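Worksheet for the structure shown next.
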Amino acid sequence: MRISFVARQGAMVKLLLMNVVTLQSRLASWVGDLPCLRRVAPLLAARGVSLWMVLGLGASLSQAPLFGAWQAANGPLATRWAKEVSPGKVHPEYPRPQMVRADWLNLNGLWDYAIRETNSAAQGQAPDKYDGQILVPFPVESALSGVMKQVGGAKRLLYRRRFTVPSGWSNKQILLHFGAVDWETTVYINGKEIGTHRGGYDGFSFNITSLLKTGGEQELLLEVWDPSDGGTQPRGKQVNKPGGIWYTPTTGIWQTVWLEPVSPVSITETKLVPDIDAGELNITVRVLGNAPDATIEAVALDGEKEVGRGTGPAGQMFKVTIPNANLWSPDSPHLYNLKFSLAQGGKVVDEVTSYFGMRKIALGKDEKGALRLFLNNRPLFQFGPLDQGFWPDGIYTAPTDEALRYDIETTKQLGFNMARKHVKVEPDRWYYWCDKLGLLVWQDMPSGDRYISGKDPDITRTEESAKQFDRELKRLVDGRGNHPCIVMWVPFNEGWGQFDTERITRRLQAYDPSRLVDGASGWTDREVGDVHDIHTYPGPAAPNIETNRAGVLGEFGGLGLPVSGHTWQAEKNWGYRSFKTVEELTAAYLELIKKLRPMIGGPGLAAAIYTQTTDVEVEVNGLMTYDRAMVKMDPAVIGAANRKVYLPPPPPPVVNVLSPTSQERGIEWHYTIEKPPANWAALDFNDSTWQIGPGGFGEPATPGAVVRTKWKSDDIWIRRSFEIPAGFAPHSLQLLIHHDEDAEIYVNGNLVASFPGHISSYDSTPLDARITKALQPGNNTLAVHCHQTQGGQYIDVGLADVIEGDEK
């Protein structure tokens with residue numbers, strides 16, 4: 001036993017002197033052996049290493065038993081990765097993959113916490129007693145935090161963490177980094193305030209060197225206040241009373257916290273902008289400290305092979321030439337490594353490593369003159385899911401890095417080339433995996449303040465609310481702007497806190513000209529930005545064609561299926577449109593994709609986003625269950641259908657328009673609002689006494705309507721003629737329609753389709769054999785009756801034959 005114990009003790013010492021990044025995960029298996037750990041501690045101390053610093057714990061041996069006090073709370077649902085989480089193994093990865101230093105200290109793990117009433121007189125004071133321990137970086141509302149309590153705006157959340165600065169960090173500046181803390185954070189070191197930060201999604205740092213004691217344990221105290229939807233700050237889908245499409249809030253630390261030693265003059269920020277046309281990478285590096293003579297050297301590598309080198313002054317842009325660059329794309333996500341050296345007075349004082357991708361996103365016209373989204377100077381239809389970024393056990397925080405990667409791998413497996421990150425900003429490592437695995441990203445700005453709808457005027461924010469939004473939007477672009485995966489910024493979702501839309505959109509376009517900007521995704525378009533974005537459920541639909549903005553479908557689908565044993569709650573789950581079996585869901589999904597494809601070649605749709613990646617709490621519209629235990633449809637079937645949307649061969653379908661809609665130009669119809677004779681829809685009916693006017697017909701305020709002839713009565717009957725050439729053999733006849741409300745469609749007097757209710761945009765619907773039998777060579781008549789009961793009103797109809805690429 002003596003020999004075994006000594007041997008193990010020596011092995012532990014050797015391990016503990018290894019790289020800190022490796023330590024935390026490997027030590028997890030030894031944490032129960034306290035006698036051995038106590039024996040090892042003096043040996044480490046003799047080498048200037050604190051055992052507790054390496055373990056990333058805030059307690060000493062004299063405090064509570066190691067890890068013994070923590071366990072995950074009993075939440076409604078958990079992912080399979082939850083069992084891999086422990087205080088000794090909680091997001092041990094270096095959190096900033098595009099600016100890496102070798103020396104750092106992870107502060108994730110157990111912290112003391114307390115929830116107290118908001119009282120200005122008590123702010124800045126540690127409580128007499130803490131409520132318990134919380135596992136950082138999981139938000140206090142989550143099961144993985146071990147707490148699972150809501151805080152609310154009437155209370156504040158306190159954290160305490162003790163740490164020891166490694167002796168090898170002497171003569172260095174010590175930086176304290178937070179990946180993200182929601183929302184207002186005040187930080188104290190050894191009882192003295194170091195600073196306050198407001199913002200729930202951006203990283204921030206403090207130089208804590210001046211407040212550190214000489215040797216021994218240091219105390220870190222945080223005070224956090226977060227009103228969630230009780231305030232005006234950016235918050236996304238967080239609400240104090242979750243339900244429907246609104247979810248559990250996140251309060252406090254929800255991304256990694258770490259310490260880092262740097263030189264008095266050191267790199268603080270890099271900006272990387274690829275230019276594939278010039279074959280160059282444009283670089284700007286900002287530094288900390290007084291460094292008028294500081295210079296930066298950047299070395300680009302393909303693997304280990306140097307492919308470019310450049311030098312420039314700190315704070316100013318310089319270039320590195322990348323000859324014959326391998327371009328980054330979803331099919332080939334090629335990344336280059338990058339090494340930075342900061343020199344002052346001829347001496348290197350700081351080094352960091354990074355990576356970049358050479359890619360270009362722009363608007364352009366295809367061979368038919370349609371405006372498209374171009375990636376690397378070629379048109380690419382961008383197709384992917386709406387990604388909420390919530391987790392049943394971690395809320396805003398994924399249980400592990402492997403879990404983050406899984407979502408992206410599954411999205412790729414399901415045949416998508418893009419995801420829209422919806423009103424949330426992820427940790428850097430989520431974007432790293434998108435860069436690495438090849439997934440385009442449309443990045444939303446988290447919404448906040450009051451909401452509007454439809455064509456309502458923008459809200460009027462208070463001066464502080466407006467400034468806070470502007471600050472956090474800029475921080476989003478600065479903090480995530482080096483990732484090649486991000487190709488679109490989305491400042492506003494629908495009317496959620498929308499204000500000053502034109503100013504903010506144009507400001508974004510000027511601040512980051514290397515990307516596109518979607519000024520408002522859905523419902524509240526202000527005719528600015530690079531795309532015209534509509535939402536429709538279930539859809540799909542295409543927006544009106546424009547000459548200077550590409551048409552995109554920012555949300556559609558929302559097909560729901562609750563899966564027993566994998567829901568947030570057993571009953572009262574919610575979906576835009578619900579199904580009972582996998583077979584029903586799959587058939588409905590494939591029908592949506594079939595309807596989507598003609599919109600690419602016909603109206604010129606440039607991108608589409610399906611709702612959504614996973615179920616979230618009571619919302620069951622996901623491609624996956626909330627716990628990621630099940631993909632609801634066969635990935636092979638769905639993947640094949642999805643890839644067919646954007647990958648050749650076969651080429652996009654050809655849309656042969658037999659009778660056009662009035663989306664692009666007014667098409668003349670005969671119409672009446674007086675009830676006509678019973679044979680009004682027949683081919684030989686004489687409609688010469690009816691009025692003549694261009695479609696569509698309705699009230700201009702109707703969502704998605706293109707009204708060219710006003711119609712206010714309860715009913716309208718419209719007719720027009722169209723020609724069918726001799727020898728015509730239909731492939732897939734589809735009706736193009738926007739109706740509000742009930743519509744009946746006739747061809748040559750034969751009822752071929754009926755639509756109850758209303759939709760908010762143009763939709764395409766495959767027609768059955770009734771229309772094939774009704775058509776005849778030569779002259780034909782399309783006749784429509786629309787009945788209005790309440791709200792908006794509109795009718796416009798077209799007819800087309802869709803020929804799939806593999807049928808030509």
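Summary of values
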{"item": "Positions within the stretch 682-699 being touching a Gly at 6+ places or on another chain (Cβ under 9 Å) and within 30 Å of Ile545 (Cβ to Cβ), in sequence order", "result": "Gly693, Pro694, Gly695, Gly696, Gly698, Glu699"}
{"item": "In the stretch 423-439, the residues that are more than 15 Å from Gly481 (Cβ to Cβ) and touching a Pro at 6+ places or on another chain (Cβ under 9 Å)", "result": "Val423, Lys424, Pro427, Arg429, Lys436, Leu437, Gly438, Leu439"}
{"item": "Leading residue by the ranking (surrounded by the most Cβ atoms within 10 Å (Cβ to Cβ)) among those in the stretch 325-350 that are touching a residue at least 60 places away in the same chain (Cβ under 8 Å) and over 23 Å from Tyr431 (Cβ atoms)", "result": "Leu342"}
{"item": "Residue under evaluation Lys808, criteria (1) at pLDDT below 85; (2) loosely packed, with under 15 Cβ neighbours inside 10 Å; (3) closer than 21 Å to Gly666 by Cα, criterion not met", "result": "(3)"}
{"item": "Filter result for the condition that a residue is within 23 Å of Tyr247 (Cα to Cα) and touching a His at 6+ places or on another chain (Cβ under 8 Å), over Gly389, Gly357, Gly384", "result": "Gly389"}
{"item": "Residue list for the stretch 229-258, filter: touching a Lys or Arg at 6+ places or on another chain (Cβ under 6 Å) and open to solvent by less than 20 Å² (accessible area, probe 1.4 Å)", "result": "Gly236, Tyr247"}
{"item": "Selection within the stretch 156-183 - part of a helix (DSSP H, G or I) and either in contact with a Leu (Cβ under 6 Å, 6 or more places away or on another chain) or buried (at least 18 other Cβ atoms within 10 Å of the Cβ) (or both)", "result": "Trp169"}
{"item": "Residue pairs meeting the criteria (Cβ under 6 Å; at least 6 apart or on separate chains; first of a type in the set (Gly, Ala, Ser) and modelled with pLDDT of 95 or more, in the stretch 521-543; second surrounded by fewer than 24 Cβ atoms within 10 Å (Cβ to Cβ) and not in a strand (DSSP E or B))", "result": "Gly529/Thr505"}
{"item": "Test: residue in the stretch 102-109 that is open to solvent by 20 Å² or more (accessible area, probe 1.4 Å) and more than 18 Å from Leu158 (Cα to Cα)", "result": "yes"}
{"item": "Which numbered condition Met99 fails, given (1) surrounded by fewer than 23 Cβ atoms within 10 Å (Cβ to Cβ); (2) more than 27 Å from the chain's Cα centre (by Cα)", "result": "(2)"}
{"item": "Val320 assigned to a strand (DSSP E or B) and either under 30 Å from Ser170 (Cβ atoms) or open to solvent by 20 Å² or more (accessible area, probe 1.4 Å) (or both)", "result": "no"}
{"item": "Failed condition for Ala682, given (1) in a strand (DSSP E or B); (2) out of contact with any Asp or Glu (no Cβ under 9 Å at 6 or more places or on another chain)", "result": "(1)"}
{"item": "Neighbours by Cβ (under 9 Å, 6+ apart or cross-chain): first from the stretch 643-660, surrounded by fewer than 18 Cβ atoms within 10 Å (Cβ to Cβ); second of a type in the set (S, T, N, Q) and modelled with pLDDT of 90 or more", "result": "Arg643/Asn417; Leu647/Asn417"}
{"item": "Residue within the stretch 368-390 that is in contact with a helix residue (DSSP H, G or I) (Cβ under 8 Å, 6 or more places away or on another chain), part of a helix (DSSP H, G or I) and of a type in the set (Gly, Ala, Ser) present", "result": "no"}
{"item": "Positions within the stretch 440-468 being within 17 Å of Tyr511 (Cβ to Cβ) and touching a helix residue (DSSP H, G or I) at 6+ places or on another chain (Cβ under 8 Å), in sequence order", "result": "Gln443, Met445"}
{"item": "Filter result (open to solvent by less than 10 Å² (accessible area, probe 1.4 Å) and in contact with a Ser or Thr (Cβ under 6 Å, 6 or more places away or on another chain)) within the stretch 184-205", "result": "none"}
{"item": "Residue that is most open to solvent (accessible area, probe 1.4 Å) [pool: residues in the stretch 281-310 that are without any contact (Cβ under 8 Å) to a residue 40 or more places away in the chain and within 30 Å of the chain's Cα centre (by Cα)]", "result": "Arg286"}
{"item": "Among (1) modelled with pLDDT of 95 or more; (2) crowded, with 20+ Cβ neighbours inside 10 Å; (3) part of a loop (DSSP other than H, G, I, E, B); (4) in contact with a Gly (Cβ under 9 Å, 6 or more places away or on another chain) - the single one Trp568 does not satisfy", "result": "(4)"}
{"item": "Residue within the stretch 441-459 that is over 19 Å from Asp533 (Cβ atoms) and small (Gly, Ala, Ser) present", "result": "yes"}
{"item": "Residue within the stretch 698-721 that is in contact with a His (Cβ under 8 Å, 6 or more places away or on another chain) and exposed (fewer than 13 other Cβ atoms within 10 Å of the Cβ) present", "result": "yes"}
{"item": "Where a residue in the stretch 583-612 is open to solvent by 20 Å² or more (accessible area, probe 1.4 Å) and its partner, wherever it lies, is modelled with pLDDT of 95 or more and assigned to a strand (DSSP E or B), with Cβ under 6 Å and at least six apart", "result": "Ala588/Leu559"}
{"item": "Residues of the stretch 676-693 that turn out to be touching a Phe, Trp or Tyr at 6+ places or on another chain (Cβ under 8 Å) and either aromatic (Phe, Trp, Tyr) or surrounded by fewer than 16 Cβ atoms within 10 Å (Cβ to Cβ) (or both), as a count", "result": "6"}
{"item": "Counted residues, the stretch 515-530 - those being more than 17 Å from Trp496 (Cα to Cα), open to solvent by less than 20 Å² (accessible area, probe 1.4 Å) and charged (D, E, K, R)", "result": "1"}
{"item": "Residue satisfying condition, being of a type in the set (S, T, N, Q), open to solvent by 40 Å² or more (accessible area, probe 1.4 Å), at pLDDT 95 or above and more than 29 Å from Ser354 (Cα to Cα), within set Gln150, Gln71", "result": "Gln150"}
{"item": "Meets criteria (farther than 19 Å from Gly622 by Cβ and touching a residue at least 40 places away in the same chain (Cβ under 8 Å)) for Arg549", "result": "yes"}
{"item": "Strands (runs of 3 or more DSSP E) contained in the stretch 198-279 and holding at least 1 residues under 23 Å from the mean Cα position of the chain (by Cα)", "result": "204-207, 257-262, 266-275"}
{"item": "Given (1) more than 34 Å from the chain's Cα centre (by Cα); (2) crowded, with 19+ Cβ neighbours inside 10 Å; (3) in a strand (DSSP E or B); (4) not aromatic (Phe, Trp, Tyr), index of the condition Ile771 fails", "result": "(3)"}
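One line per residue, one yes/no per condition, for (1) among the aliphatic types (A, V, I, L, M); (2) touching a Pro at 6+ places or on another chain (Cβ under 6 Å); (3) within 18 Å of Val423 (Cβ to Cβ); (4) at pLDDT below 95:
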position	(1), (2), (3), (4)
Ala362	yes, no, no, no
Asp366	no, yes, no, yes
Ala370	yes, no, no, yes
Phe374	no, no, no, no
Phe381	no, no, no, no
Phe390	no, no, yes, no
Pro399	no, no, no, no
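The values are calculated or read from the model by the stated rules, or taken from the named source; none is laboratory data. All values derive from a computational prediction rather than experimental measurement. Cβ atoms come from the backbone with ideal geometry, glycine included; neighbour counts cover every protein chain shown. When the accessible area is computed, the model is the full protein with side chains, heavy atoms only, and any ligands, DNA or RNA have been set aside. Shrake-Rupley method; radii C 1.70, N 1.55, O 1.52, S 1.80 Å.
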